[in-house]
Amino acid sequence: MLPSAACSSMANLAFSPLTPRHASVRMKGVALRGRGRKVASYALTPCADLDLDIEFKQLGSSNLRVSEVCLGTMTWGCQNTEAEAHAQLSFARDCGVNFLDTAELYPIMPDSKTQGRTSEYIGNWLKAQPRDKVIVASKVAGRADGRMTWIPANRTSPPAPLSDGPRVDASNIKAAVEGELRRLNTDYIDLMQIHWPDRYVPKFGESQYCVESERTEASTTSFQEQVEAMGALIQQGKVRHWGLSNETSFGVMRFCSAADAQGVPRPITVQNHFSLLNRTFESELAETCAPAHCDLGLLPWSALSGGALSGKYLPGDDTNRSDQKYRFNMFPGRYQRFESARVNDAVREYSRIAESAGLTPAQLAYAYCRSRWFVPSTIVGATSLSQLRENMGAFTPAARLHPEVLAAIDAVHSYNRNPALSD
């Protein structure tokens, strides 16, 4: 589906490389923040009535300016059909979103029969879009130590014979990029990220470093090799910029140091879990990634903490908790860290704050991420257009959080700190 004339006109403004660092797009008219003048007015559907106020922000030290909404895609190919994926993509585009995030691993749950479908769905949609108007991010799978051996095999068509599981060495990085270029039907990827490190780090709900789990230097891919591989792909024009995910302050510093030593551009983003239930990023990692230091923007994944912050999994809501379409029920055990009594207590409190602020619980969660100085864009996911429409409501003038709302959030956080951590 080609963009409407109205959307094409808006795209020429919103996605131009000349757009100011913090341009703001109003869906009932377009205003450039800081210039105080309306430059155009469009009747956009089906999201014109949302009165969206989406800013476009620079990613780290790069020249990429992205919408502060990044469309999440990990359910496409498992919980969503290709038609549903395309409907979400077109709706987001019509709302002014120019940024989407996928991964060679997707969809979730990882499965040999479905792996890669998400990017294939996106690639089929991209065929009808002006490529330079869409910022596409993807990820190379991290180390799996003999598991998910089908990921490297599926990087080619037809698939190669099964071998070892994915690693983050030069050959795997390059093969992953080639596989994603093929699936996405594109000549380049705007942002290629390392999904999780080759070395041991606490991740996916863990926060405590276990020295017994360390891997020897000889058994892990060096920072230098990974940087060199990304640099070569940038030189070849296959990748424009690169980033990190599920990373630590130590890792960010080592990658930046290795990049400087080799004359390779630094990573521009880090994609870590950040939400009302897990605010660990805002300590030393925020300092490390600050513009005055390493200058990486945080792209929060799971801002709803697996959907918990929507309130639909709270005990007592028997309808939702028994519905097999809900993620907690579809994948039992995977989201245990979001089902604890402490999480439920926090979600109840945040839901009350949301109601007082005139927002849904999900909108409050996304609006909070939007309010953080270190977040240029928040990954917003949904399994239906109605969910996506609700979530987009977090990016309106009315959803900007007032100081008293932020104070109420901090009060809950002060006595129930980071309940989504599993350790």
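The values are calculated or read from the model by the stated rules, or taken from the named source; none is laboratory data. Note that this is a predicted model, so its numbers are computed, not measured. Ideal geometry is used to build each Cβ from the backbone, glycine not excepted, and the neighbour counts take in all protein chains shown. The accessibility values were calculated without ligands, DNA or RNA, using every heavy atom of the protein model including side chains. Shrake-Rupley method; radii C 1.70, N 1.55, O 1.52, S 1.80 Å.
No other residue among 337, 342 is crowded, with 21+ Cβ neighbours inside 10 Å, of a type in the set (Lys, Arg) and at pLDDT 65 or above apart from 337. All conditions in (1) in a loop (DSSP other than H, G, I, E, B); (2) open to solvent by 10 Å² or more (accessible area, probe 1.4 Å) hold for residue 420, with the sole exception of (2). Picking from residues in segment 281-316 that are among the aromatic types (Phe, Trp, Tyr) and not in a helix (DSSP H, G or I), the one that is most open to solvent (accessible area, probe 1.4 Å) is 301. In segment 215-231, of all residues being of a type in the set (Ser, Thr, Tyr) and not in a helix (DSSP H, G or I), the one that is most open to solvent (accessible area, probe 1.4 Å) corresponds to 216. Within segment 405-412, not a single residue is in a loop (DSSP other than H, G, I, E, B), modelled with pLDDT of 95 or more and crowded, with 16+ Cβ neighbours inside 10 Å. For segment 143-152, the condition holds for no residue, the condition being that it is β-branched (Val, Ile, Thr) and farther than 13 Å from residue 115 by Cβ. Regarding segment 237-244, can at least one residue be identified that is surrounded by fewer than 17 Cβ atoms within 10 Å (Cβ to Cβ) and assigned to a helix (DSSP H, G or I)? Checked segment 237-244: no residue is surrounded by fewer than 17 Cβ atoms within 10 Å (Cβ to Cβ) and assigned to a helix (DSSP H, G or I).
Checking each residue in segment 173-210 for being β-branched (Val, Ile, Thr) and under 30 Å from residue 132 (Cα atoms) picks out 173, 177, 186, 189, 194. Only a single item in (1) of a type in the set (Lys, Arg); (2) closer than 30 Å to residue 418 by Cβ; (3) surrounded by fewer than 18 Cβ atoms within 10 Å (Cβ to Cβ) is not met by residue 254, and it is number (3).
Scanning segment 219-249 for residues that are β-branched (Val, Ile, Thr) and under 24 Å from the mean Cα position of the chain (by Cα) yields 227, 234, 239, 248. Restricting the search to segment 247-280, which residues are among the small types (Gly, Ala, Ser) and either within 23 Å of residue 209 (Cα to Cα) or in a helix (DSSP H, G or I) (or both)? Scanning segment 247-280 gives 249, 251, 257, 258, 259, 261, 275.
Being farther than 26 Å from residue 400 by Cβ, free of Cβ contacts under 8 Å to residues at least 24 places away in the same chain and not charged (D, E, K, R) is a property that residue 75 lacks. In segment 203-214, which residues are among the small types (Gly, Ala, Ser) and in a helix (DSSP H, G or I)? Passing the criteria: only 213.
Here segment 51-73 is the region considered, the condition is being of a type in the set (Asp, Glu) and assigned to a loop (DSSP other than H, G, I, E, B), and the residue that is farthest from the chain's Cα centre (by Cα) is 51. Of the residues making up segment 81-94, those that are open to solvent by less than 10 Å² (accessible area, probe 1.4 Å) and either aliphatic (A, V, I, L, M) or at pLDDT below 95 (or both) are 85, 89, 92.
Conditions (1) modelled with pLDDT under 95; (2) among the charged types (D, E, K, R), marked per residue:
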{"residue": "206", "(1), (2)": "yes, yes"}
{"residue": "209", "(1), (2)": "yes, no"}
{"residue": "229", "(1), (2)": "no, no"}
{"residue": "234", "(1), (2)": "no, no"}
{"residue": "245", "(1), (2)": "no, no"}
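Of the helices (runs of 4 or more DSSP H) lying entirely inside segment 104-199, those containing at least 1 residues that are more than 24 Å from residue 231 (Cβ to Cβ) are 117-126, 150-153. Is there a residue being within 30 Å of residue 375 (Cα to Cα), at pLDDT 95 or above, crowded, with 24+ Cβ neighbours inside 10 Å and in contact with a Phe, Trp or Tyr (Cβ under 6 Å, 6 or more places away or on another chain) anywhere in segment 192-199? There is at least one residue in segment 192-199 that is within 30 Å of residue 375 (Cα to Cα), at pLDDT 95 or above, crowded, with 24+ Cβ neighbours inside 10 Å and in contact with a Phe, Trp or Tyr (Cβ under 6 Å, 6 or more places away or on another chain).
Within segment 391-404, the set of residues being surrounded by 18 or more Cβ atoms within 10 Å (Cβ to Cβ) and not aromatic (Phe, Trp, Tyr) comprises 391, 392, 393, 394, 396, 399, 401. Scanning segment 179-186 turns up at least one residue that is open to solvent by 40 Å² or more (accessible area, probe 1.4 Å) and not acidic (Asp, Glu).
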